[in-house]
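Data block below; observations after.
The values are calculated or read from the model by the stated rules, or taken from the named source; none is laboratory data. Keep in mind the model is a prediction, meaning the values are calculated, not measured. A quick note on method: Cβ atoms are made from the backbone with ideal geometry, for glycine too, and the neighbour counts reach across all protein chains shown. Ligands, DNA and RNA are stripped out before the accessible areas are found, and what is left, the full protein with its side chains, is counted by its heavy atoms. Shrake-Rupley method; radii C 1.70, N 1.55, O 1.52, S 1.80 Å.
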Amino acid sequence: MEKQILDVLNAGLGLVKSGQEGLDKAKAEFTKSFQELSAKGASDNSEASVRVREFVDKFLNEAKELSTAATKTYEDSRAKALEVYSQIVEEAKKLVPAEQIEAIKAKFSEVTETVKKSAPTKKTA
């Protein structure tokens, strides 16, 4: 009985190893095929291919510009919000007891965190 259990275990391990080897081989073949297709596409200088490349390049540049503008707008808005926050804190110090100021600061921190979470993230290439 022990031998049968070991045989089943070894068969299972062999199946796993064969499966892994098959996956590795399929991955290598896919990578090779992808590179061959990419090389064929790169050598295609037909008018249609050139136009598609130009369109995609234009699209990517416009997307990059839009992303840059959005980031700038966000940073400008954030700077303005911090400026207003500082003004509010200064005014609050004149009008509100110290313990209430701490509650206000906590609320502003909460709002700031919410804004940070919803802000677009910068992606690096």
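Per-structure values
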| quantity | calculated |
| --- | --- |
| Any hit, the range 33-52, residues being under 23 Å from the mean Cα position of the chain (by Cα) and either not in a helix (DSSP H, G or I) or not aromatic (Phe, Trp, Tyr) (or both) | no |
| Of all residues making up the range 39-84, the number that are in contact with a helix residue (DSSP H, G or I) (Cβ under 8 Å, 6 or more places away or on another chain) and open to solvent by less than 100 Å² (accessible area, probe 1.4 Å) | 3 |
| Residues that are under 23 Å from Val115 (Cβ atoms), at pLDDT 85 or above and of a type in the set (Ser, Thr, Tyr), drawn from the range 40-85 | Ser67, Thr68, Thr71, Thr73, Tyr74, Ser77 |
| Test: Glu99 is assigned to a helix (DSSP H, G or I) and loosely packed, with under 10 Cβ neighbours inside 10 Å | yes |
